[in-house]
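Here's the structure, in structure tokens; my notes come after.
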Amino acid sequence: MTLTEPAGFFIDGAWAAPSTSQRIDIIEASTGRALTTVPQAAEADVDTAVAAARRAFDNSGWSSWTPEARAKAIYSLAEALEARAAATAQTVSIQNGMPISISSTSESVVPATLLRYYADLAVRHPAEEHRPGFAGGTTIVRREPIGVVAAIVPWNFPQTLTFFKVAPLLAAGCTVVIKPSPETVLDSYVLAEAIAASDIPAGVINIVPGGREIGAYLVAHPGVDKIAFTGSTAAGRAIGEVCGRLIRPVTLELGGKSASIVLDDADLPSLLEQFFAATLMNNGQTCYLGTRVLAPRHRYAETVDILTDFARSLTVGNALDPATQIGPLATATQQQKVQNYISRGVADGGRITTGGGRPAGTDTGWFVEPTIFADVDNSHTIAREEIFGPVLAVIPYADLDEAIAVANDSDFGLGGSVWTSDEQRGIDVARRVQTGSIGVNNFSLDFCSPFGGIKASGLGRELGPEGLAAYQQSKSIFLTTTR
Ligand code: NAD
């Protein structure tokens with residue numbers, strides 16, 4: 001089946017007509033042009049999607065298929081997505097401004113990679129294990145799928161972050177209702193088309209785009225067993241409160257304000273490609289970026305100069321241009337929010353060494369220049385709050401203890417990096433930083449290892465075997481016999 005003209009929402013393996021006439025405006029980030037409008041889900045549509053996911057979980061047999069059988073279907077989805085890789089990259093970049101060089105190596109590649117990784121992992125990790133009982137006998141410990149998952153995702157990496165959830169939950173035998181952000185809906189149509197072309201049974205994956213109200217409705221829906229959320233800390237808190245009341249399992253992947261700690265022996269000029277990926281990737285709209293750059297006081301001026309020259313050297317332009325390194329922000333609201341933070345940074349005493357405004361030659365679109373702030377204190381607003389734009393704050397430190405204290409003096413704890421010529425020294429520093437993940441001379445997510453935050457950056461982990469366990473619940477069957 002090929003689905004090209006979305007007539008509504010992808011539910012139960014087909015397009016379901018919308019229950020209302022509500023529409024979402026789709027705007028191109030690089031030009032500000034209104035492209036089209038698409039249906040926006042209302043409560044009745046969410047009810048239909050949850051009912052389909054519920055039926056698929058309770059009655060279709062999917063949850064009790066063997067891991068091998070599920071792996072085969074999951075592989076078919078990976079292939080169907082790969083066949084549509086170009087469309088995925090294009091639709092993401094048009095909507096959220098992600099440079100096409102990134103979307104064509106992440107958004108259109110990561111989903112299939114994760115699908116295969118988790119399909120294989122579930123086959124290798126049997127869902128049942130026999131343990132000798134503490135006082136004799138045997139206990140059969142089963143890892144059972146948790147049920148119907150509501151996956152709520154942001155716009156910054158819409159497909160990658162969807163598959164941080166969908167790949168392990170499928171492998172575990174769960175079903176899902178995905179709620180994409182209203183800012184990035186078109187890529188979810190490409191996904192729907194791929195699902196329809198795959199061997200994933202009807203109702204296992206359902207998609208209802210809409211805003212926060214419909215997201216909140218989905219979170220509290222009685223037909224849902226678990227929430228997997230990626231987004232802002234503010235929304236995560238609201239969702240966590242509801243899940244606490246309902247005693248509903250929840251994974252929260254939230255915001256960050258990570259530190260990039262430049263040690264006094266770092267050779268930053270030779271690491272700028274990695275430094276870019278760790279601090280400015282996707283126009284600064286990546287949750288784990290180390291946007292607080294901590295530099296030793298005796299090399300502070302030199303570090304600021306290196307970063308200033310580097311920011312000036314970046315190619316800013318239309319997201320669809322393969323040469324673009326920094327594209328526009330995703331929305332006009334996001335652009336305004338970043339400009340407000342820049343004004344606040346100046347008001348607090350920060351010094352802009354480059355950037356700060358709209359780049360020359362970009363009359364339309366949601367652009368902000370790559371911006372470097374020097375003379376920032378860790379108490380300044382731009383050092384405390386997540387800006388989510390191409391803005392770095394360079395903060396001086398006197399010695400290593402102070403660097404680590406400043407890195408840890410944050411409400412967040414998501415990513416981070418250490419830059420040094422001595423890897424062992426980098427590891428020693430990394431061990432002392434309070435965060436969910438941190439890189440030495442890079443920040444490069446490893447799909448085999450857990451990713452997630454501490455403090456206000458979240459609860460739970462995605463990726464790696466931990467990411468599969470997040471969609472399983474254990475059951476113990478006690479036996480008096482030895483098996
Ligand atoms: P957001 O919180 O505004 O929205 C995220 C998603 O949640 C959207 O689909 C939105 O419609 C929905 N939503 C919002 N409020 C809700 C509520 N009360 N109940 C249910 N659903 C709700 O975030 P955003 O602006 O789309 O994304 C940017 C944020 O996401 C940043 O803070 C960024 O750091 C964070 N993020 C975190 C990670 C991570 O893995 N930790 C990854 C990417 C982005």
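The values are calculated or read from the model by the stated rules, or taken from the named source; none is laboratory data. Source: prediction; values computed, not measured. Cβ: placed from backbone, ideal geometry, glycine included. Neighbour counts: every protein chain shown. For the accessible areas, the whole protein counts, side chains as well, though only heavy atoms, and no ligand, DNA or RNA atoms are used. Shrake-Rupley method; radii C 1.70, N 1.55, O 1.52, S 1.80 Å.
Normalised by 2.2 N^0.38 Å, where N counts its residues, the alpha-carbon radius of gyration of segment 26-158 equals 1.42.
Rounded to the nearest Å, what's the spacing between the alpha carbon centres of segment 1-74 and segment 237-264? Just the number, please. Between the Cα centres of segment 1-74 and segment 237-264 lies a distance of 26 Å. Here the label points at L272 and R33, each 7 Å from Cα along the C-beta direction, are separated by 3.3 nm in the simple model.
Under a model in which nothing but the beta-carbon of Lys, Arg (+1) and Asp, Glu (-1) is charged, segment 1-136 shows a dipole of about 200 debye around its Cα centre. For segment 110-234, the fraction of 1.4 Å probe accessible surface lying on carbon and sulfur atoms is 57 percent. The fraction of accessible area contributed by carbon and sulfur in segment 305-385 is 46 percent, rounded to a whole number (1.4 Å probe; ligands and nucleic acids excluded).
Counting charges near Y471 (Lys, Arg +1; Asp, Glu -1) among other residues having Cβ under 15 Å from its Cβ returns a value of +3. Taking each DSSP H run with n ≥ 4 as -39500 (n - 2.57) and averaging over every residue of the chain yields -11500 deg cm²/dmol at 222 nm.
Averaging Cα coordinates gives a centre for segment 122-166 and one for segment 350-373; these two points are 44 Å apart.
For the residue pairs K179/K455; K337/K455; K72/K226; K257/K337, the C-alpha atoms sit more than 20 angstrom apart in K179/K455; K337/K455; K72/K226.
Excluding A220 itself, calculate the net charge of residues whose Cβ lies under 14 Å from the Cβ of A220, where each Lys or Arg counts +1 and each Asp or Glu counts -1. Combined, the nearby Lys, Arg, Asp and Glu give 0. Taking only alpha carbon atoms, the chain gives an Rg to Rh ratio of 0.99, where Rh is the Kirkwood radius.
Helix screen, the chain: no DSSP H segment has Cα axial length of 30 Å or more and mean Kyte-Doolittle hydropathy at least 0.0.
Rounded, prolate or oblate: which fits segment 1-53 when a ≥ b ≥ c are the square roots of the eigenvalues of the alpha-carbon gyration tensor, with rounded for a/c under 1.5 and prolate only if a/b beats b/c? Prolate.
Projecting each Cα onto the charge dipole of segment 165-276 (Lys/Arg +1, Asp/Glu -1 at the beta carbon, about the Cα centre), which of L186, A266, T233 comes out farthest on the positive side? Highest projection toward the positive end goes to T233.
Could you work out the local net charge near I94, counting Lys and Arg as +1, Asp and Glu as -1, over the other residues with Cβ closer than 10 Å to its Cβ? Combined, the nearby Lys, Arg, Asp and Glu give -1. The mean accessible area for residues of segment 259-446, using a 1.4 Å probe and ignoring ligands and nucleic acids, is 38 Å² per residue. Note on A332 and L479: with the Förster distance fixed at 41 Å, the Cβ-Cβ geometry gives a FRET efficiency of about 0.05. Mind checking the full-extension length gain between H130 and R384? Use 0.36 nm per residue of separation minus the Cα-Cα distance, one decimal, nm. The H130-R384 span can extend by a further 86.6 nm. Length gained on full extension, D265 to R297: 10.2 nm, using 0.36 nm per residue less the C-alpha separation. Of the two radii for segment 407-483, the radius of gyration is 1.19 times the Kirkwood radius, both from the alpha carbons; that is the Rg over Rh value.
Counting only Cα atoms, the size of segment 259-446 along its three principal axes is 46, 35, 29 Å, in decreasing order. Per-peptide packing, taken as the mean over residues of other Cβ atoms within 10 Å, places 125-134, 358-367 in the sequence 358-367, 125-134 from highest down. Taken as Cα centroids, segment 282-310 and segment 98-117 sit 27 Å apart, rounded to the nearest whole angstrom.
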